[in-house]
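> Mind having a look at this structure? Questions to follow.
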Amino acid sequence: MKVTYFGYYLLNADNEQKFLFDMRSFLKIFCKVDNPEFKNKFMKKDEHIYLVHLKGDIFLFLMTRNKELIKKINPADISISEFLSQKEQVSFASYLLVKEDYFGIASTVLAPKVNVFAEYIDDLFKKIGIEIWRFKARAILHQATKDEAFIFNSIIGKTSIEISKENSFFQDLLNVISVNTEDCHDLKSIEITIKPKRGKNIKEVSGKLLDKISDEGVEKMILKCKDEVSSQLLDIYLVGKGAVSNHIDKSQEDEIPALLENKATGNQILIDKLKEYRSDESFKKDTPDDIVRFNDVATWSNLSLSVSQTR
């Protein structure tokens with residue numbers, strides 16, 4: 001399962017100022033609020049959406065048609081695998097690792113994605129009367145060099161390259177299948193993918209392919225790489241910027257929280273790119289008091305019914 005990383009910040013819609021603000025306390029206390037009626041008001045089409053705190057900085061972001069879910073399951077009392085095995089209750093779930101100014105999200109195909117999470121937080125702000133604030137997510141992007149991809153201790157896996165007509169190798173491939181350039185005016189590009197046998201390293205083959213292809217007319221160049229020392233599996237973008245990511249084994253659900261933490265702390269590219277992200281001078285360091293007050297569970301308890309029911 002792929003984990004993709006995003007920086008996040010809060011935007012004041014009145015003055016367009018951007019604030020770096022740690023959302024962890026806010027989210028954890030919200031998850032503790034015992035108000036099923038309020039939490040059942042968050043919808044995406046016909047699905048109910050719930051945010052559930054699992055442990056530490058790990059959350060589950062759920063979509064389900066069963067609005068009784070929030071009443072019946074307390075993940076603090078059962079394991080993650082038991083929680084997800086409630087198939088009649090849980091439809092689709094994403095894992096969230098939320099840190100002070102970034103988060104990682106790991107989603108299955110039909111689980112709610114980052115855009116739904118951002119909309120959910122904005123809807124929550126609106127329902128508690130602080131609708132001037134917007135939750136914004138920005139993908140942490142990286143473009144590597146060939147040297148970074150082919151470091152001594154890296155294992156190279158699936159390699160994908162897309163080339164346009166401007167690349168000389170494009171014509172070489174057409175010659176192999178006896179096609180003239182004039183016969184393919186509707187052809188935009190050619191994509192080449194080479195894949196290793198399971199668990200094998202195609203570093204040498206991949207390197208020779210990349211050396212054969214000139215830089216001109218290359219639309220996309222992506223390699224799956226693993227560092228033998230840290231066992232980090234990464235998508236390395238040599239052309240174009242891609243979101244910094246990791247891969248985790250989803251077969252053992254109870255291990256996923258630890259994997260999410262370990263993968264993030266061990267991803268040097270993520271660490272370096274977060275330094276760049278935090279250096280953005282447009283970010284304010286001030287604390288938005290009208291959000292901070294919701295870091296106290298008493299504030300949630302004192303919400304009036306009229307505010308709770310606001311859509």
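> Net charge near ALA243: determine it from the other residues with C-beta under 11 Å of the C-beta of ALA243, scoring Lys and Arg +1 and Asp and Glu -1.
Details: positive: LYS2, ARG138, LYS241, LYS273; negative: ASP235.
Taking every Cβ under 11 Å from that of ALA243, the sum is +3.
> Could you check the simple spin-label distance between LYS284 and ILE177, using points 7 Å along Cα→Cβ, in nm with one decimal?
5.6 nm
> Expressed as a whole number of Å, what is the distance separating the alpha-carbon centroids of segment 244-268 and segment 183-214?
Spelled out, the Cα-based centre of one part sits 29 Å from the other.
> Report the Cα centroid-to-centroid distance between segment 127-170 and segment 7-45 in angstrom, as an integer.
Here the two parts' Cα centres lie 28 Å apart.
> Using alpha-carbon pairs under 8 Å, 6+ residues apart, how would you state the relative contact order of segment 144-240 in percent?
On the way: 155 pairs, mean separation 41.5, N = 97.
The normalised contact order for segment 144-240 reaches 43 percent.
> Here is a further query. List, in order, the whole-Hz ³J(HN,Hα) value for each residue of segment 246-257 obtained from phi through the Karplus relation with A = 6.51, B = -1.76, C = 1.60 and θ = phi - 60°; use x for Gly and Pro.
Rounded to whole hertz, the list is 9, 10, 10, 7, 8, 6, 10, 4, 5, 8, 4, x.
> Which FRET efficiency, nearest 0.05, do PHE92 and ALA139 yield, Cβ-Cβ r, R0 22 Å?
In this case the efficiency is close to 0.55.
> Right, next: Can you list the HN-Hα couplings for segment 42-55, worked out from phi with the Karplus curve (6.51, -1.76, 1.60; θ = phi - 60°), rounded to whole Hz and with x for Gly and Pro?
Coupling constants for segment 42-55: 8, 10, 10, 6, 9, 9, 7, 10, 10, 10, 10, 7, 8, 6 Hz.
> Just want the ordering: TYR50, TYR5, from fewest to most Cβ atoms lying within 10 Å of their own Cβ.
TYR50, TYR5
> Please order VAL109, VAL297 by the number of other Cβ within 10 Å, starting at the fewest.
Final ranking by Cβ density, sparse to dense: VAL109, VAL297.
> With a Förster radius of 45 Å, plug the Cβ-Cβ distance of ILE271 and LYS200 into 1/(1 + (r/R0)^6) and report the FRET value to the nearest 0.05.
0.95
> Would you tally the net charge around THR108, using a Cβ to Cβ cut-off of less than 11 Å, leaving THR108 out, and scoring K and R as +1, D and E as -1? It would help to have the intermediate numbers written out before the result.
Values: positive: LYS2, LYS113, LYS250; negative: none.
After counting each charged neighbour, the total is +3.
> Let me ask something additional. Find out how many positive minus negative residues lie around THR287, taking Lys and Arg as positive, Asp and Glu as negative, among other residues whose Cβ is under 15 Å from that of THR287. Can you show the working numbers first?
On the way: positive: LYS18, ARG24, LYS284, LYS285, ARG293; negative: ASP22, GLU100, ASP101, ASP286, ASP289, ASP290, ASP296.
So the environment of THR287 carries a net charge of -2.
> Also: Are there chymotrypsin sites (Phe, Trp or Tyr not before Pro) in segment 130-214 that DSSP puts in a loop and that have at most 12 other Cβ atoms within 10 Å, and which ones? Before the final figure, lay out the partial values.
On the way: sites: TRP133, PHE135, PHE150, PHE152, PHE169, PHE170; in loops: PHE150, PHE152.
In loop regions of segment 130-214 (DSSP not H, G, I, E or B), the sparsely surrounded chymotrypsin sites (Phe, Trp or Tyr not before Pro) are PHE152.
> Listing GLU182, GLU219, GLU16, GLU166 from the residue with the fewest other Cβ atoms within 10 Å to the one with the most, what is the order?
The fewest-first ordering by Cβ neighbours comes to GLU182, GLU16, GLU166, GLU219.
Only the coordinates and a few stated rules stand behind these numbers; no lab work does. Small disclaimer: the values here were computed from a predicted structure and weren't measured. Cβ coordinates were reconstructed from backbone atoms using ideal geometry, including for glycine residues, and neighbour counts include every protein chain displayed.
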